[in-house]
Amino acid sequence: MVAVDESIWNTSDFWLFYDNFPNFTGLPPSDGSSSPCEVDAEMLNRYAVVVIYVLVFLLSLLGNSLVILVILCSRVNSSVTDVYLLNLAVADVLFALTLPIWAASKEKGWTFGTPLCKVVSLLKEVNFYSGILLLACISVDRYLAIVHATRTLTQKRHLVKFICLGIWGLSLVLSLPFFLFREAYTPNNSSPVCYEVLGKDTAKWRLVLRILPQTFGFVLPLLVMLICYGFTLHTLFKAHMGQKHRAMRVIFAVVLVFLLCWLPYNLVLVADTLMRTHVIQETCERRSDIDRALDATEILGFLHSCLNPVIYAFIGQNFRNGFLKILATRGLISKEFLARHRVPSYTSSSITIPSNL
């Protein structure tokens, strides 16, 4: 590790050049040409990253399009949870459409201009926030249906539509800073990038823009999910509702996969924030470790957009049944094949849970 004078880390000059070398995450590593730290110019093999982005794009587009198709074709029997999952699939499709652009920028730098920079950055953030907010709403819906045995949202479908509109609106608000401040520009001795331009107090504003969305768009919805599912599980186990245990498997799997994909990235963001605010000491070694962790965990987060359809296919019996029914309706499989392979269903919804649970 390179020896560094501790006073350097607190100077405004350091933060100025520290923020002049952006990366894809929007969280700048040190500039090797100006920084007192030696930094690897390429944290991860960019060709491997490009391949991952393309694969995620193809799988996400195909899988989530099938999810949307199955839910829309089974909308008469769909549950409130299915409405939320439909919106989740739409968010994943919108995000997947941006992945080829990010992949190209990894290879050639950002050559698409400021307008597209703003749009794809907005879609990335909206996908994340809408995802966790929709999962929080699902947890509340299951809590009300199972713990309090109420069907309010199920019986009044228009309420669910307004809730979904509210989620999209809140996600847009939380993502708005990226749309407002991101621009396409070329730092010194670097390729063009898509990054926030915040003026003189870059470090301070970046902390504000990070802490507020993380609090309202991640921490609070996560607490809601933990509390609601805690009470829901307690009620299910106490009542020995075996069938309802099975019906909840898809939802628990969706939540678990979301946390496995996005929680590491957000924990690294917390560590980076603590280091920027000098709660923990910043060193060249820690800076390098966090930069690598941000790159790796963000790829894990992007992978999430293609995983939900896999969960539905392997765990959700009704999703498989709905998909086979669509194939039979279109004449792609015979009714005899459908009868042989149709799995007996314990729910009435298209993917997950009946509305009377």
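Structure summary
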| quantity | calculated |
| --- | --- |
| Qualifying positions in region 271-285 - surrounded by 16 or more Cβ atoms within 10 Å (Cβ to Cβ) and in a helix (DSSP H, G or I) | Ala271, Asp272, Thr273, Met275, Arg276, Cys284 |
| Residue that is modelled with the highest pLDDT [pool: residues in region 270-318 that are among the polar types (S, T, N, Q) and under 22 Å from Leu94 (Cα atoms)] | Thr297 |
| Out of Met248, Met241, sole residue that is modelled with pLDDT under 80, under 19 Å from His148 (Cα atoms) and in contact with a Lys or Arg (Cβ under 9 Å, 6 or more places away or on another chain) | Met248 |
| Residue in region 24-70 that is surrounded by the fewest Cβ atoms within 10 Å (Cβ to Cβ), counting only those that are at pLDDT below 90 and of a type in the set (Ser, Thr, Tyr) | Tyr47 |
| Candidate set from region 100-144 (those that are over 30 Å from Leu236 (Cβ atoms) and of a type in the set (Val, Ile, Thr)); member that is surrounded by the fewest Cβ atoms within 10 Å (Cβ to Cβ) | Thr111 |
| Filter result (surrounded by 21 or more Cβ atoms within 10 Å (Cβ to Cβ) and either of a type in the set (D, E, K, R) or under 30 Å from Phe218 (Cα atoms) (or both)) within region 319-329 | Phe319 |
| Subset of region 121-175 that is part of a helix (DSSP H, G or I) and of a type in the set (Lys, Arg) - its residue that is modelled with the lowest pLDDT | Arg157 |
| Selection count, region 206-223, where residues are crowded, with 18+ Cβ neighbours inside 10 Å and under 15 Å from Ser130 (Cβ atoms) | 5 |
| Gln317 being without any contact (Cβ under 8 Å) to a residue 60 or more places away in the chain and touching a Pro at 6+ places or on another chain (Cβ under 9 Å) | yes |
| Complete set of residues in region 71-107 that are modelled with pLDDT under 90 and either touching a Gly at 6+ places or on another chain (Cβ under 6 Å) or not in a helix (DSSP H, G or I) (or both) | Ser74, Arg75, Val76, Asn77, Ser78, Ser79 |
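The values are calculated or read from the model by the stated rules, or taken from the named source; none is laboratory data. Computed from a predicted structure; not experimentally measured. Neighbour counts are summed over all protein chains in view; Cβ atoms, including those assigned to glycine, are modelled from backbone coordinates with ideal geometry.
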